[in-house]
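These notes concern the structure reproduced below.
The values are calculated or read from the model by the stated rules, or taken from the named source; none is laboratory data. Note that this is a predicted model, so its numbers are computed, not measured. Neighbour counts run over all protein chains shown; Cβ positions are idealised from the backbone, glycine included.
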Amino acid sequence: MILTVTLNLALDVTYRVPRLRPGATHRVSVEQRAGGKGVNVARVVAALGADAVVCGFAGGGTGQVALAELDVAGIPARTTPVAGESRRTVTVVDAQAGEATGFWEPGPMVTEAEWEALLRDVTAELARAGAAVLSGSLPPGVPAHAYAILADRASRAGVPVVLDADGDALRRGLAGRPEVVKPNREELAGVTGTADVREGTARLRELGARSVVASLGADGLVAVTDDGCWRARPAHPAAGNPTGAGDAGVAALALGLARGWSWPERLTEAVALSAAAVSAPLAGSFDADAYRRQRDDVSVEALPMAAAREG
């Protein structure tokens with residue numbers, strides 16, 4: 001089972017317009033469902049036929065709508081109730097430009113008692129997990145080093161962790177020594193202060209990450225690990241909504257940890273799923289046909305450590 005922890009669980013609202021015109025009124029089509037990075041990961045894991053459980057905070061009417069949608073989708077959830085209202089995220093998809101614009105609410109205020117309750121819930125689920133994913137932003141009130149605490153709990157339970165976060169949450173989370181950290185290009189530069197992928201990944205490993213898988217968007221992934229360094233690239237460009245592509249890649253990395261795949265196998269799956277997610281309409285889903293096509297043609301090249309740089 002893959003345990004995903006989404007501290008800032010959300011109700012994702014997606015508006016689609018033929019063309020986005022700032023300052024204009026638009027008629028939209030609307031879709032909404034439970035979201036947050038870990039929820040998206042759990043959806044992809046489930047779509048691949050594996051078990052996933054969602055943990056996180058849920059509160060208010062928004063939280064209830066999100067949980068009801070997870071139940072309908074068949075995604076098991078062990079969420080911790082909070083008095084505050086769960087957040088909404090709004091994505092506006094411009095069909096003509098093929099671009100997505102996001103608006104993220106901050107999330108509910110979490111009390112110390114609610115945080116302690118979540119730790120108990122997560123610890124209970126770790127007892128049957130093969131890997132854990134800690135991802136997304138932190139709601140107000142949660143300790144700044146929340147991911148380090150959770151990663152340490154997982155380590156004590158013998159469960160490897162994939163950490164996918166940004167900014168201070170990522171920086172502080174490295175103290176928990178996660179098995180894999182998956183920043184994108186901007187997150188890596190923001191935390192390390194360098195745009196050079198080789199230097200950035202080395203810095204994250206110095207700070208506690210055992211392995212770093214850096215996403216270069218449409219250019220694929222670079223992985224720097226104890227076992228070697230690789231560059232993985234998709235063979236076919238993918239057009240569509242990139243929201244959730246990184247989460248699909250994280251799902252592959254978590255499954256690879258739980259199932260003991262080699263690094264080239266993990267990266268092949270991560271690149272194929274990420275590209276297939278771009279072709280799907282909503283975060284947490286992927287185009288199955290595109291996934292099969294991409295998986296057959298992903299290129300994975302072993303690199304000397306000194307070559308693990310952008311481009």
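Taking the criterion of being at pLDDT 95 or above and among the small types (G, A, S), the only residue of region 216-227 that qualifies is A223.
Restricting attention to region 154-168, the residues that are over 14 Å from the mean Cα position of the chain (by Cα), of a type in the set (D, E, K, R) and closer than 17 Å to N8 by Cβ add up to 1. Scan region 256-267 residue by residue and report those that are touching a residue at least 12 places away in the same chain (Cβ under 8 Å) and surrounded by fewer than 24 Cβ atoms within 10 Å (Cβ to Cβ). Result: G256, L257, A258, R259, W263, P264. Residue selection: S274 fails the criterion of being among the hydroxyl-bearing types (S, T, Y) and surrounded by fewer than 24 Cβ atoms within 10 Å (Cβ to Cβ). For the criterion of being outside any helix (DSSP H, G or I) and either at pLDDT below 95 or hydrophobic (A, V, I, L, M, F, W, C) (or both), V54 passes. Is at least one residue of region 35-43 among the small types (G, A, S) and in a helix (DSSP H, G or I)? Among the residues of region 35-43, at least one is among the small types (G, A, S) and in a helix (DSSP H, G or I), which makes the answer yes.
Okay, residues lined up against (1) buried (at least 22 other Cβ atoms within 10 Å of the Cβ); (2) touching a helix residue (DSSP H, G or I) at 6+ places or on another chain (Cβ under 9 Å):
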{"site": "E125", "(1), (2)": "no, no"}
{"site": "R128", "(1), (2)": "no, no"}
{"site": "A131", "(1), (2)": "yes, yes"}
{"site": "A157", "(1), (2)": "no, yes"}
